[in-house]
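The values are calculated or read from the model by the stated rules, or taken from the named source; none is laboratory data. This structure is a prediction, so every number in the text was calculated from the model and none was measured. Here the Cβ is made from the backbone with ideal geometry for all residues, glycine too, and neighbour counts use every protein chain on show.
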């Protein structure tokens, strides 16, 4: 299929497909006239790329998943290199959750303090 067809089926732009190709994620052959020709399997690859990008993965992290698909696997996350990336990403997300939990607790404490202080201002609290 031509690049426009793949872009339409994948719900992306031709520019994005060329970008993925530059990074070695998508493969295209060339017609005699120089037009890119994509195999039907590239649609699955593009869907995998877009799904992983939406989940916060970077292009370098996505390469093992694409390689796993190209190796003939139905799913891109079943290969050892993909599993390692998943583990690393999960640890990263867990770290973010810990940081956000700490921030939430500090904000909650500040809010509670502010509410108590504003109540004292309106009803003249005794120290």
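Checking each residue in region 93-127 for being at pLDDT below 95 and either surrounded by 12 or more Cβ atoms within 10 Å (Cβ to Cβ) or closer than 30 Å to residue 44 by Cα (or both) picks out only 120. Only one entry of 34, 24 meets the criterion of being under 17 Å from residue 81 (Cβ atoms), without any contact (Cβ under 8 Å) to a residue 60 or more places away in the chain and not in a helix (DSSP H, G or I), and that entry is 24. Looking at region 19-43, which of the residues that are within 20 Å of residue 69 (Cβ to Cβ) and in contact with a strand residue (DSSP E or B) (Cβ under 9 Å, 6 or more places away or on another chain) is surrounded by the most Cβ atoms within 10 Å (Cβ to Cβ)? Out of the qualifying residues, it is 38. Kindly indicate whether residue 39 is part of a helix (DSSP H, G or I) and without any contact (Cβ under 8 Å) to a residue 40 or more places away in the chain. No; evaluated as a whole, the condition is false for this residue.
Taking each residue of region 96-124 that is more than 25 Å from residue 56 (Cβ to Cβ) and looking for partners that are surrounded by 10 or more Cβ atoms within 10 Å (Cβ to Cβ) and modelled with pLDDT under 95 with beta-carbon atoms closer than 8 Å, six or more apart or interchain, yields 119/125.
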